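Below is one structure, written out as structure tokens; the observations come after it.
The values are calculated or read from the model by the stated rules, or taken from the named source; none is laboratory data. The structure presented is a predicted model; accordingly, all values stated were derived computationally and were not measured. Neighbour counts are summed over all protein chains in view; Cβ atoms, including those assigned to glycine, are modelled from backbone coordinates with ideal geometry. In case anyone asks, the SASA skips ligands and DNA or RNA and just uses the protein heavy atoms, side chains included. Shrake-Rupley method; radii C 1.70, N 1.55, O 1.52, S 1.80 Å.
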Amino acid sequence: MTAFQMTPHLYDKIKYFARFPQTGVSLRQMVMFGQKPSQGTLFKASQFLHEELPIRLAHRVKELEELPKNLSDMPSIVKVKNWYAQSFQDLIELRPPRISNAIKEELLEASKTSETSALPVSIPNPSLRNIIPPQIKTAKTPSSPRSISSSTSNHGSIPLDHHRYYTNLETFKCPPEIEEYNQSFTRTIEAIKRRHDPVVTTVAQGILEYKETSSSHTIDTDIQQFLDRFYMSRIGIRTLIGQHVSLIRGSDSAKDYVGVICTRTNIKHIARDAIANARSVCEAHYGLAPDVRMFCPADIEFLYVPSHLNHMLFELLKNSLRAVVERFGADSPLPPIKVIIAYGREDITIKISDEGGGISRSGIPLVWTYMYTTADSQELEHEYSQSEFRAPMAGFGYGLPLSRLYARYFGGDLKLISMEGYGTDVYLHLNRLSNSDEPLM
Ligand SMILES: Nc1ncnc2c1ncn2[C@@H]1O[C@H](COP(=O)(O)OP(=O)(O)OP(=O)(O)O)[C@@H](O)[C@H]1O
């Protein structure tokens, strides 16, 4: 099979879509919307994503095409760009269902009388100010390329208010063509998600290719900012797809789950699992692992995506375990690592404190850059492509910057304070209100 290549004609279409602004969805909105999924609400969600995903993908293709230096020419970057272009094409070629005017009317009515007014208003994500947006011109009106584009099929599409999700379409009786569309749309986005599984590794490979052509050992600020935007956007796209697929398939229909979101995420339980996992990876690697002591005032439950939380804690704990073991070795007692969980009105904060010797002040900015690591380098390709979250002890220099993006995605943050010669404290802030928009650039 020959690899997909973006044609100039497709790129023109992509550039056109990239002129439109992306629309963010808050965690709370996702939950409100997904609580009573019916074919009617799922159709609305499919329509929303069918318009939103091509815009998001187009922004990324354009950015990959216009990267600074000669980064856009690196073979792995070209590969990733073609995946994005192909996914864009898959979506715009998928035809919305042909539905009669009567059904359109009915759908509009159902939407009007729905509980949308009860949907919480989202606030701008406080993390946006931390990530520099690219200079992309966005079209002000209209808000959707489909509503004016003659090149894309628009049969049966009904006007969609991008800024609202609809919550009360359960009573709407869906004709079979809508159900079929829901299914085929879901298959398409599942395939897109799979295609993009190896994006993190492949972009990392592209950065390595670029580093080989340049004299610098670190990543320039503009490339670092691009990576932050790019990976943040990827988290958003995958969260939206994961959430939609899960609602359609009903796969995460466990109690307290709405799609991939848990309305009662229990921090203590997640932290306990992450501690056990990180310690077992540490033990497998070094043959020993320090104790981890958790201080948690109560069973704190809040709205979150448990897999994101697990991933961040696991990465941070691995760093602390490694620092302690490498500082003290097998011959002296290992000071325990402390995990302290605090619960405020706005934030839940998790502090992880270790006595692993800390990081020099000059080294602090480096730890947030991609590909910076003091561990022996690992084979990128093998370890990474398996899944989203890898399990080796250390070695890619992605743990901290990616965890910070996960935290910021839902309005939280990750901070690190070190005392060189003693140890490190990391603060993981999680926004309890869950009402901040996705940070979109
Ligand atoms: N708690 C800590 N104590 C001391 N140094 C740390 C700590 N956390 C991170 N570092 C330093 O920051 C570097 C980057 O950390 P990061 O988590 O981004 O990548 P990594 O752990 O090296 O690799 P991986 O991508 O596999 O997580 C580490 O290699 C280490 O030098």
Accessible surface of segment 261-431 [probe 1.4 Å, protein heavy atoms]: carbon and sulfur percent: 49 percent
Given a Förster distance of 60 angstrom, what is the FRET efficiency for Ala102 paired with Phe4, based on the Cβ-Cβ distance and rounded to 0.05? 0.90
Which of Lys211/Lys415; Lys15/Lys193; Lys44/Lys255 have a Cα-Cα distance over 26 Å? Lys211/Lys415
Taking the convex hull of the alpha carbon atoms in segment 203-329, what volume per residue do you get, in Å³? 168 Å³
Ranking request for peptides 419-432, 90-103: highest mean number of other beta-carbon atoms within 10 Å first, then the rest in descending order. 419-432, 90-103
Using only alpha-carbon positions, what ratio does the radius of gyration of segment 261-431 give when scaled by 2.2 N^0.38 Å? 0.99
Between Ala298 and Asp376, what is the label-point separation in nm under the 7 Å Cα-to-beta-carbon projection? 4.9 nm
Once both labels are modelled 7 Å past Cα along the beta-carbon direction, what's the Thr213-Ala254 spacing in nm? 4.6 nm
Spatial separation of Cα centroids for segment 413-430 and segment 193-258, in angstrom: 24 Å
Taking segment 261-431 and dividing mean pair separation by its residue count, relative contact order in percent (alpha carbons under 8 Å, at least six apart): 23 percent
Treat each spin label as a single point 7 Å out from the Cα along the C-beta direction, and report the Asp220 to Glu93 distance in nm. 3.6 nm
